[in-house]
Amino acid sequence: MLTDFEQYALSVPVPALDLPRLANPTVDDLAERSLLISYDLIKDTEGEAGLVALLTRLGTFGPPL
């Protein structure tokens with residue numbers, strides 16, 4: 001089960017990986033995005049903080065790369 005924040009964060013574009021924004025994503029869409037950015041590997045240990053860190057490293061959050 002994903003939190004509201006995880007659903008939002010997994011829906012934003014990830015330009016570094018050429019992944020577009022997900023509009024009205026399904027659970028399957030979010031699961032696929034989780035795999036593509038490797039969030040599935042850290043979700044249980046790092047949670048939302050790990051997702052923010054991951055997306056920051058990928059240039060989604062924070063200043064442009």
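Just so you know, all these numbers are worked out from the coordinates, no wet-lab data involved. What you see is a predicted model, and the numbers here were worked out from it, not measured in a lab. Here the Cβ positions follow ideal geometry from the backbone for every residue, glycine too, while neighbour counts run over all protein chains shown.
How many residues, within the range 46-65, are in a loop (DSSP other than H, G, I, E, B) and surrounded by 14 or more Cβ atoms within 10 Å (Cβ to Cβ)?
So the answer is 4.
I'd like the full set of residues that are over 21 Å from residue 63 (Cα atoms), loosely packed, with under 12 Cβ neighbours inside 10 Å and not aliphatic (A, V, I, L, M), limited to the range 1-37.
Scanning the range 1-37 gives 3, 4, 24, 26, 28.
So how many residues does the range 1-19 have that are in a strand (DSSP E or B) and touching a residue at least 24 places away in the same chain (Cβ under 8 Å)?
Total satisfying the criteria: 1.
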